[in-house]
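I have placed the structure first, in the form of structure tokens, so that the comments after it can refer back to it.
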Amino acid sequence: MNMPTKSKLRIATATLAGCFGCHMSLLDIDERLFELIELAEFDRSPLTDIKTCGPCDIGLIEGGLCNAENVHVLREFRANCKILVAVGACAINGGLPAQRNHLSLSMILEEVYHAQHGLVDGFIPNDPELPLPLDQVHPIHEVVKVDYFIPGCPPSGDAIWKVLTDLIAGREPELGHGLIRYD
Amino acid sequence: MSQNNKTPHNKNQATFILDGKTIPFTEGQTIIQAAMASGEYIPHLCFNPEFKPHGSCKICTVTANGRQAASCTQQTQADMVVESNTKPINDERRALLQMLFVEGNHFCPSCEKSGDCQLQATAYELNMMSPHFDHFSPDRPLDSSHAEYLLDYNRCILCSLCARASSDVDGKNVFSLAGRGIKTHLIVNAKSGKLADTDFTGDDKAAHVCPVGVIIKKRVGFAVPIGKRSFDEHPISATPHPKVRDV
Amino acid sequence: MLSQDNTHSDYLDSILSRHQHNTHNLLQMLREAQEHYGYIHSEAIDYLAQQLQSPRSMIEGVASFYSLLYLQPQGDYRVLFSDNITDRMLGNIDLMESMCGQLWVEVGKVSEDGLVSINTTSCTGMCDQGPAVLINNIAINHLTQDRINSLCELIRERVPLSGWPLEFFAIEDNIYKKDILLDSNFKSGSALAEVLKRSSEETLQEIKTSKLRGRGGAGYLTGSKWEFCRIAVSEQHYVVCNADEGEPGTFKDRVLLNTYADMVFEGMTICAHVINAKKGFIYLRGEYRYLLDHLNAILQRRRQQGLLGNNIFGHANFNFDIEIHLGAGAYICGEESALIESLEGKRGTPRNRPPFPVTSGYLNQPTVVNNVETFCAASLIGLHGGAWYADVGIETSSGTKILSVSGDCARPGLYEYPFGVTVAQVLADCGAKNTQAVQISGPSGICIAANEFERRIAFDDLPTAGAFMVFDESRDMFEVARNFVHFFKHESCGFCTPCRVGTSLLSNMMNKLANGHGSPYDFTEIEKLNVLLLSTSHCGLGHSACNPVLDTIAKFRPAYDKRLTHKEYIPAFDLDYALSQARQMTGRDDTGAHLERIHVSK
């Protein structure tokens, strides 16, 4: 990576079908956040509350794809980020949400909104404001090209820090024993 | 088959070369058997030193005198030159691991075997950062019928170690492979298809050989916390077959 | 527990006693049980397990391996459309859809009334007279829309197959060119008479002198194979004839067994004499079930003639007999060690080699496994001598080769040539016009383009098990490769990771390209998979599963390029379709309820 020395890197982050745990882990880099702020500034991110992603150097995606909105956000990131990184188990293999994949979506919606015990006049929400769910949950590499992956549920702050600093320094990111974890 | 006349006829053992190191071997040993006897690690999954080599997972693939072969089934020959820890071979092994990951449903965060799982630890060893391929998301129901043990078929990699242990050691044939091709799957020896209806017990060897998280003892899943498990302490290359935790 | 009634024990008892309760005949027992009951009932498995004192999981494991065995009820009429590329080119898919429509059944399912089930199956060996189906394992060829209509009528009326017009079951030999083998007018016993004038050592020498090489594709020297087996010290030696002619586009063995069976049996008997075997097997593919009675009748006649059984031709201590084992739909069983596993009543998984079958084959005894055509050639050599045979053909490849010609040509059928014939000559003889490509030796073989038609059929140029599929310029070679990749995926035994998963991945990627979702990324992925399958698979199936793709990429690259319609990676699945269930459940159809396939930049 040839980064201009003066200007800061722009980093964007988003959570798709995830639990924000990976974002919490990002904050777990603790005092190194100060170091990071010296090197980078944040574009779209739950940390900045910026709603759309502009041109960025690095995009961090937490979570897999479970609905149409996830796909839009992912595409926006892919179109704007030079480097796209899948962060955490859900972005990488669908994670917990993907454990619905062997069930048909119709059956799930039927069960949740109609058949479940205790529901009165249940109906499946159809407000156009709500994103429609996909029939299966997909990891992000099944929909766009992904450049790097940081596995873990969540990846540790150290793992995220290692990959970020490697990328910022223009090194091929590498996690050794102890940092590479899937759980 | 072929006799190598150039073998140095000293009174020491015959040797072969593994990644530049000289490794002794005895007649009949396969490459991985000889390597492990010398403390050398070759990544593997369906091989377990207590059992006859099977040769199905192909993770232990090496080049032996320039030809690729599964090191668990390839007989060692004197002066053979074996390459194992090279980038091209590790790239292939990683791709095979990725195949195993997308073929089943491997959700490590919710798996009781995480940290003790050879598939996971081997993937760590080979720096597998993602499953790379598109997931197959197969439908593989759990079997929780047995009082003491759970079968989670989602994690099966078809190494057949449980089947081999059950037939060769326990004399029971609790487990078999059924189906063909991508539909190959593990079954148990009961008309109901349920483990509870077999003669399986926790004392069986078969209960303790699963390299992944299919055969799971109930109620002790997280007795040892994540972070304190075999492969948390040492990478699998240091202790390929840690003592089975007695819980 | 077994049910109280004797539904299954009634028929299984006679099957069990016919097979002496021998678990090595398990596959045969399962096949016969299915012929009786229509499928293999779980209580039948229990009864077999109890009677054979074998675990039921093992029996279930075997039964579920073979695609022509069923553990669930099938239709009373079980229709399987042969799905080789040659059947496709003759319109089998349209015909199948027509049949499904007329009989109200979906592909792969059983009709609600249990009347009929319809599905596809791998090449049934009728490429010269396709499109072809198997109905309850009986072949019906030359399908046309009219014939499909008639079949539907007969099925709807529940007419038993025995009452169907006989012409439906006609199977032609379609021999267009004969040479020393097909034109030999072989008389049963004639070769044995000559052979028994010599010592078995001298006969082996004749085979070696002939330089005969195996006709199944690998081309191993038959004399060496027999010699290795002969010198292997053991209680028993076995002769096995590989008649599991599963390579798509190959059908010569069907004709040899139909019309030249005496040559096959006699060749096996000669081999038995050389290697001192008392028992031989023919492993006949399940799709050729219709040949079983015919072959058994010939075996019986040969026993009566003193050509099989004890003291053959009056020679004391020359005792040899042949048993026919049927396969049940598994291409992998054409691989000799998988075939032996299957003969032993197991799942057809290729063994780890060495040891090789010549020293450790059937029941771990020394075993010769040869192709049908190889045994026919052995009969000719027995009759005329090795030098006579070696004179035919060319230096590297003695004798003749029978080609099964199919695809785009005027006269599909069998053509026998001395080795060394050019592809161009064969194309001229079979009436092929505007030929774009020829697939030699089936999907696992090689695909050659027009600039290679002067190449020769020979072990050192184009070795072949016999398949010769012709594609004219109207054909899409990508679709040819995709059909073959699908075949390998269907036939992978599932033992090793690269082949089990890799053939599925490869098939998915070829489908992705076919569905218009291809980009250069996918092309690179396909090339990487090819290398991985080639280098890490357990047996030849995995090694050759990528051949059709590698060859067509190298020689018909534009067929791929036109499918790489996207510059950037796009998903294999249709994102908008992935929302269709949700649209249906919510009744929404607003713009937010849809996704474009490709990202549109702002």
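Restricting to the stretch B:203-247, name every residue that is outside any loop (DSSP other than H, G, I, E, B), at pLDDT 95 or above and open to solvent by 30 Å² or more (accessible area, probe 1.4 Å).
B:LYS205, B:HIS208, B:LYS217
With (1) open to solvent by 40 Å² or more (accessible area, probe 1.4 Å); (2) at pLDDT 95 or above; (3) not in a helix (DSSP H, G or I) as the list, and C:ARG588 as the residue in question, which single condition is left unmet?
(1)
Identify all residues within the stretch C:284-311 that are more than 23 Å from the chain's Cα centre (by Cα) and either at pLDDT below 95 or part of a loop (DSSP other than H, G, I, E, B) (or both); write none if there are none.
Result: C:GLN305, C:GLY306, C:LEU307, C:LEU308, C:ASN310, C:ASN311.
Can you report the number of residues in the stretch C:67-79 which are touching a residue at least 40 places away in the same chain (Cβ under 8 Å) and more than 8 Å from chain B (Cβ to nearest Cβ)?
So the first thing to find is which residues in the stretch C:67-79 are touching a residue at least 40 places away in the same chain (Cβ under 8 Å), and the list is C:67-69, C:73-79.
Now drop any that are not more than 8 Å from chain B (Cβ to nearest Cβ), which leaves C:68-69, C:73-79.
Total satisfying the criteria: 9.
Answer yes or no as to whether C:PHE556 is in contact (Cβ under 8 Å) with a residue 24 or more places away in the chain and either surrounded by fewer than 23 Cβ atoms within 10 Å (Cβ to Cβ) or over 20 Å from the mean Cα position of the chain (by Cα) (or both).
Values: in contact (Cβ under 8 Å) with a residue 24 or more places away in the chain: yes; either surrounded by fewer than 23 Cβ atoms within 10 Å (Cβ to Cβ) or over 20 Å from the mean Cα position of the chain (by Cα) (or both): yes.
For C:PHE556, the condition - in contact (Cβ under 8 Å) with a residue 24 or more places away in the chain and either surrounded by fewer than 23 Cβ atoms within 10 Å (Cβ to Cβ) or over 20 Å from the mean Cα position of the chain (by Cα) (or both) - is met.
Which one is farthest from C:THR349 (Cα to Cα) among residues in the stretch B:153-202 that are among the β-branched types (Val, Ile, Thr) and open to solvent by 30 Å² or more (accessible area, probe 1.4 Å)?
Looking at residues that are among the β-branched types (Val, Ile, Thr) and open to solvent by 30 Å² or more (accessible area, probe 1.4 Å), I get B:THR201.
Restricting attention to the stretch C:46-66, which residues are of a type in the set (D, E, K, R) and either touching a residue at least 60 places away in the same chain (Cβ under 8 Å) or surrounded by fewer than 17 Cβ atoms within 10 Å (Cβ to Cβ) (or both)?
So in the stretch C:46-66, the residues of a type in the set (D, E, K, R) come out as C:46, C:56, C:60.
Scanning the stretch C:46-66 gives no hits.
Among the residues that make up the stretch B:82-92, is at least one of them farther than 18 Å from A:GLY176 by Cα, within 16 Å of the chain's Cα centre (by Cα) and either open to solvent by 40 Å² or more (accessible area, probe 1.4 Å) or in the same structural domain as B:LEU158 (by TED's automatic domain parsing) (or both)? First the steps, then the outcome.
If we filter the stretch B:82-92 for residues that are farther than 18 Å from A:GLY176 by Cα, which is where we start, we get B:82-84, B:88-89, B:92.
Of the ones still in play, those that are also within 16 Å of the chain's Cα centre (by Cα) are none.
No, the stretch B:82-92 has no match at all.
Please list, ordered by first then second residue, the pairs with beta carbon atoms under 6 Å, 6 or more apart or interchain, first in the stretch C:462-475 and more than 30 Å from C:ASN370 (Cβ to Cβ), second of a type in the set (A, V, I, L, M, F, W, C) and open to solvent by less than 10 Å² (accessible area, probe 1.4 Å).
C:PHE471/C:ALA437
Looking at (1) buried (at least 21 other Cβ atoms within 10 Å of the Cβ); (2) closer than 30 Å to C:GLY348 by Cβ, which is the only condition C:ALA582 fails?
Status for C:ALA582: all satisfied but (2).
Looking at A:THR15, A:THR48, A:THR5, which one is among the β-branched types (Val, Ile, Thr), modelled with pLDDT under 95 and either within 17 Å of A:ILE150 (Cα to Cα) or more than 16 Å from the chain's Cα centre (by Cα) (or both)? Steps first, answer last, please.
Working: A:THR15 fails: modelled with pLDDT under 95; A:THR48 fails: either within 17 Å of A:ILE150 (Cα to Cα) or more than 16 Å from the chain's Cα centre (by Cα) (or both).
Step by step, each of A:THR15, A:THR48, A:THR5 is checked, and only A:THR5 is among the β-branched types (Val, Ile, Thr), modelled with pLDDT under 95 and either within 17 Å of A:ILE150 (Cα to Cα) or more than 16 Å from the chain's Cα centre (by Cα) (or both).
Being more than 7 Å from chain A (Cβ to nearest Cβ) and either under 21 Å from B:HIS132 (Cβ atoms) or assigned to a helix (DSSP H, G or I) (or both) is the filter; apply it to the stretch C:569-579 and report the residue that is least open to solvent (accessible area, probe 1.4 Å). Break it down into steps so the answer makes sense when it comes.
Applying the first criterion (more than 7 Å from chain A (Cβ to nearest Cβ)) to the stretch C:569-579 yields C:570, C:572-574, C:576-577.
This time we only want the ones that are either under 21 Å from B:HIS132 (Cβ atoms) or assigned to a helix (DSSP H, G or I) (or both), so: C:570, C:572-573, C:577.
Values: C:ILE570: 9, C:ALA572: 34, C:PHE573: 46, C:TYR577: 154 Å².
Of everything passing the filter in the stretch C:569-579, C:ILE570 is least open to solvent (accessible area, probe 1.4 Å).
Could you please tell me which pairs satisfy a Cβ distance under 7 Å, a separation of 6+ or placement on different chains, a first residue in the stretch C:243-255 that is hydroxyl-bearing (Ser, Thr, Tyr), and a second residue that is not in a helix (DSSP H, G or I)?
Once the first residue is hydroxyl-bearing (Ser, Thr, Tyr) and sits in the stretch C:243-255, its partners that are not in a helix (DSSP H, G or I) give C:THR250/C:GLY125; C:THR250/C:SER404; C:THR250/C:GLY442; C:THR250/C:ALA465; C:THR250/C:GLY466; C:THR250/C:ALA467.
From C:VAL531, C:VAL549, which residue is on the phi < 0 side of the Ramachandran plot and open to solvent by 60 Å² or more (accessible area, probe 1.4 Å)?
Working: C:VAL549 fails: open to solvent by 60 Å² or more (accessible area, probe 1.4 Å).
That would be C:VAL531, the only listed residue that is on the phi < 0 side of the Ramachandran plot and open to solvent by 60 Å² or more (accessible area, probe 1.4 Å).
Can you go through C:VAL110, C:VAL79 and tell me which one is out of contact with any Phe, Trp or Tyr (no Cβ under 8 Å at 6 or more places or on another chain) and surrounded by fewer than 23 Cβ atoms within 10 Å (Cβ to Cβ)? Lay out the reasoning, then the answer.
Values: C:VAL79 fails: surrounded by fewer than 23 Cβ atoms within 10 Å (Cβ to Cβ).
Among C:VAL110, C:VAL79, only C:VAL110 is out of contact with any Phe, Trp or Tyr (no Cβ under 8 Å at 6 or more places or on another chain) and surrounded by fewer than 23 Cβ atoms within 10 Å (Cβ to Cβ).
Are any of the residues in the stretch C:151-164 among the aliphatic types (A, V, I, L, M), more than 30 Å from C:GLN425 (Cα to Cα) and buried (at least 20 other Cβ atoms within 10 Å of the Cβ)? Outline the logic, then answer.
Here is the first cut: in the stretch C:151-164, the residues among the aliphatic types (A, V, I, L, M) are C:151, C:154-155, C:159, C:161.
Going one step further and asking which of them are more than 30 Å from C:GLN425 (Cα to Cα), we end up with C:151, C:154-155, C:159, C:161.
Filter once more, keeping what is buried (at least 20 other Cβ atoms within 10 Å of the Cβ): C:151, C:155.
Yes: the stretch C:151-164 contains one or more residues that are among the aliphatic types (A, V, I, L, M), more than 30 Å from C:GLN425 (Cα to Cα) and buried (at least 20 other Cβ atoms within 10 Å of the Cβ).
When the stretch C:28-65 is examined, which residues are found to be assigned to a loop (DSSP other than H, G, I, E, B) and within 9 Å of another protein chain (Cβ to nearest Cβ)? Full working, then the answer.
Restricting attention to the stretch C:28-65, the residues satisfying the condition of being assigned to a loop (DSSP other than H, G, I, E, B) are C:38-41, C:53-55, C:64-65.
Listed by number, the residues that qualify are C:SER54, C:PRO55, C:SER64, C:PHE65.
When the residues of the stretch B:101-112 are filtered to those that are over 20 Å from A:GLY63 (Cβ atoms) and in contact with a Pro (Cβ under 9 Å, 6 or more places away or on another chain), which remaining residue is farthest from the other protein chains (Cβ to nearest Cβ)?
If we filter the stretch B:101-112 for residues that are over 20 Å from A:GLY63 (Cβ atoms), which is where we start, we get B:103-104, B:112.
If we keep only those that are in contact with a Pro (Cβ under 9 Å, 6 or more places away or on another chain) as well, we get B:103-104.
Values: B:GLU103: 5, B:GLY104: 10 Å.
Among those residues, the one meeting the criterion is B:GLY104.
With respect to B:ARG140, is the statement that it is surrounded by fewer than 23 Cβ atoms within 10 Å (Cβ to Cβ) and at the interface with another protein chain (Cβ under 8 Å from one of its Cβ atoms) true? Step through it out loud before you land on a result.
Numbers: surrounded by fewer than 23 Cβ atoms within 10 Å (Cβ to Cβ): yes; at the interface with another protein chain (Cβ under 8 Å from one of its Cβ atoms): yes.
When the stated conditions are applied, B:ARG140 passes them.
Would you pick out the residues in the stretch B:173-207 that are over 18 Å from the mean Cα position of the chain (by Cα), more than 8 Å from chain C (Cβ to nearest Cβ) and either more than 15 Å from B:ARG140 (Cβ to Cβ) or of a type in the set (Lys, Arg) (or both)?
Going residue by residue through the stretch B:173-207, those that are over 18 Å from the mean Cα position of the chain (by Cα) are B:173-174, B:178-183, B:187-204.
Checking which are more than 8 Å from chain C (Cβ to nearest Cβ) leaves us with B:192-204.
If the condition is that a residue be over 18 Å from the mean Cα position of the chain (by Cα), more than 8 Å from chain C (Cβ to nearest Cβ) and either more than 15 Å from B:ARG140 (Cβ to Cβ) or of a type in the set (Lys, Arg) (or both), then B:SER192, B:LYS194, B:ALA196, B:ASP197, B:THR198, B:ASP199, B:PHE200, B:THR201, B:GLY202, B:ASP203, B:ASP204 are the ones that fit.
Restricting attention to the stretch B:118-137, which residues are open to solvent by less than 30 Å² (accessible area, probe 1.4 Å) and on the phi > 0 side of the Ramachandran plot?
The one that is open to solvent by less than 30 Å² (accessible area, probe 1.4 Å) and on the phi > 0 side of the Ramachandran plot: B:SER137.
Let me spell it out: the conditions are (1) under 22 Å from the mean Cα position of the chain (by Cα); (2) surrounded by fewer than 18 Cβ atoms within 10 Å (Cβ to Cβ), and C:VAL240 meets all of them except one. Which number is the exception?
So the condition that C:VAL240 fails would be (2).
Quick one: what pairs do we get from the stretch C:264-285, first residue at positive phi, second of a type outside the set (Gly, Ala, Ser) and not in a helix (DSSP H, G or I), C-beta under 7 Å, 6+ apart or different chains?
C:ASN276/C:HIS237
Go through the stretch C:111-142 and give me each residue that's without any contact (Cβ under 8 Å) to a residue 40 or more places away in the chain and under 19 Å from C:ASP253 (Cα atoms). So that I can check it myself, show each step before the final result.
Residues of the stretch C:111-142 that are without any contact (Cβ under 8 Å) to a residue 40 or more places away in the chain, as a first pass: C:111-113, C:140-142.
Those that are without any contact (Cβ under 8 Å) to a residue 40 or more places away in the chain and under 19 Å from C:ASP253 (Cα atoms): C:ILE140, C:ASN141.
The values are calculated or read from the model by the stated rules, or taken from the named source; none is laboratory data. It should be emphasised that the depicted structure is a prediction, and the values quoted were computed from it without experimental measurement. Glycine also receives a Cβ, built like all others from the backbone with ideal geometry; neighbour counts cover every protein chain displayed. Please note that ligands, DNA and RNA were not included when accessible areas were found on the heavy atoms of the full protein model with its side chains. Shrake-Rupley method; radii C 1.70, N 1.55, O 1.52, S 1.80 Å.
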